[in-house]
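S.K.: A single structure is presented below for examination.
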Amino acid sequence: MKARKKRLIFIFVGLVFLGLASWLVFNALGNNMSYFYSPTEVVQKKAPEDHLFRLGGMVVEGSLQRGQALTVRFAITDTANAVNVEYTGILPDLFDEGQGVIAQGKLNTAGIFVATEVLAKHDEKYMPPEVADALEKAGKMKTDVPATELQNDS
């Protein structure tokens, strides 16, 4: 076999391996990414039903319900819409009604967001940028969505 032919085969095999490695990396990154959605986007069915994503907004006043063990139910609003959330675990110390929060998880078949992680703001002046943007898009930054307007799926 001539040296030129060997080089072409070597380059072709190298490109195949490089393409395979790139595909594996991008596939892994795509499966592990979690995008942010506001409660309005979730209600409008813009959020994925079978993929992990982040939901952010304000915890609705009067919506916090503590269940058995470490299960907690509450609602997150962007003042336009609200989504019910269920979380089993220890909540952050700064978690409270009327505070900004981001939860990561998936929607279940009943339309309840089942969170695997809940993050709360870290001081009185800070609000996660995604939450501030979602509240701004919804119109105004207030938390007066009555808990009676929320779906009670207990």
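The values are calculated or read from the model by the stated rules, or taken from the named source; none is laboratory data. Just so you know, these numbers come straight off a predicted model, no measurement behind them. Ideal geometry is used to build each Cβ from the backbone, glycine not excepted, and the neighbour counts take in all protein chains shown.
Matching residues to (1) touching a helix residue (DSSP H, G or I) at 6+ places or on another chain (Cβ under 9 Å); (2) free of Cβ contacts under 8 Å to residues at least 24 places away in the same chain:
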| site | (1), (2) |
| --- | --- |
| Ala3 | no, yes |
| Lys6 | no, yes |
| Phe10 | no, yes |
| Leu15 | no, yes |
| Leu24 | no, yes |
| Leu29 | no, yes |
| Tyr37 | yes, yes |
| Thr40 | yes, no |
| Ala47 | yes, no |
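S.K.: Counting just the residues of the range 40-66 that are assigned to a loop (DSSP other than H, G, I, E, B), under 15 Å from the mean Cα position of the chain (by Cα) and hydrophobic (A, V, I, L, M, F, W, C), which one comes out surrounded by the fewest Cβ atoms within 10 Å (Cβ to Cβ)?
M.R.: The selected residue is Leu52.
S.K.: Of the conditions (1) under 16 Å from the mean Cα position of the chain (by Cα); (2) at pLDDT 80 or above; (3) of a type in the set (A, V, I, L, M, F, W, C), Met33 satisfies every one except a single condition; which number is it?
M.R.: Here Met33 clears every test but (2).
S.K.: Which residues, counting only those in the range 82-124, are at pLDDT below 85 and closer than 16 Å to Ser34 by Cβ?
M.R.: Those that are at pLDDT below 85 and closer than 16 Å to Ser34 by Cβ: none in the range 82-124.
S.K.: While we're on this one: Residues in the range 1-39 that are among the aromatic types (Phe, Trp, Tyr) and surrounded by 11 or more Cβ atoms within 10 Å (Cβ to Cβ): how many?
M.R.: Selection size over the range 1-39: 3.
S.K.: For the range 72-100, which positions are outside any strand (DSSP E or B) and of a type in the set (A, V, I, L, M)?
M.R.: Those that are outside any strand (DSSP E or B) and of a type in the set (A, V, I, L, M): Ala80, Ile90, Leu91, Leu94.
S.K.: Ala69 is checked against (1) assigned to a loop (DSSP other than H, G, I, E, B); (2) surrounded by 11 or more Cβ atoms within 10 Å (Cβ to Cβ); (3) at positive phi and fails just one. What number does that condition carry?
M.R.: (2)
S.K.: Report, by residue number, each residue of the range 78-93 that is touching a residue at least 60 places away in the same chain (Cβ under 8 Å) and either under 12 Å from Ala103 (Cα atoms) or not assigned by TED's automatic domain parsing to the domain that holds Ala110 (or both).
M.R.: If the condition is that a residue be touching a residue at least 60 places away in the same chain (Cβ under 8 Å) and either under 12 Å from Ala103 (Cα atoms) or not assigned by TED's automatic domain parsing to the domain that holds Ala110 (or both), then Asn84 is the only one that fits.
S.K.: Condition test on Gly62, is it in contact with a helix residue (DSSP H, G or I) (Cβ under 6 Å, 6 or more places away or on another chain), assigned by TED's automatic domain parsing to the domain that holds Leu135 and within 17 Å of Asp133 (Cα to Cα)?
M.R.: No: the conditions fail for Gly62.
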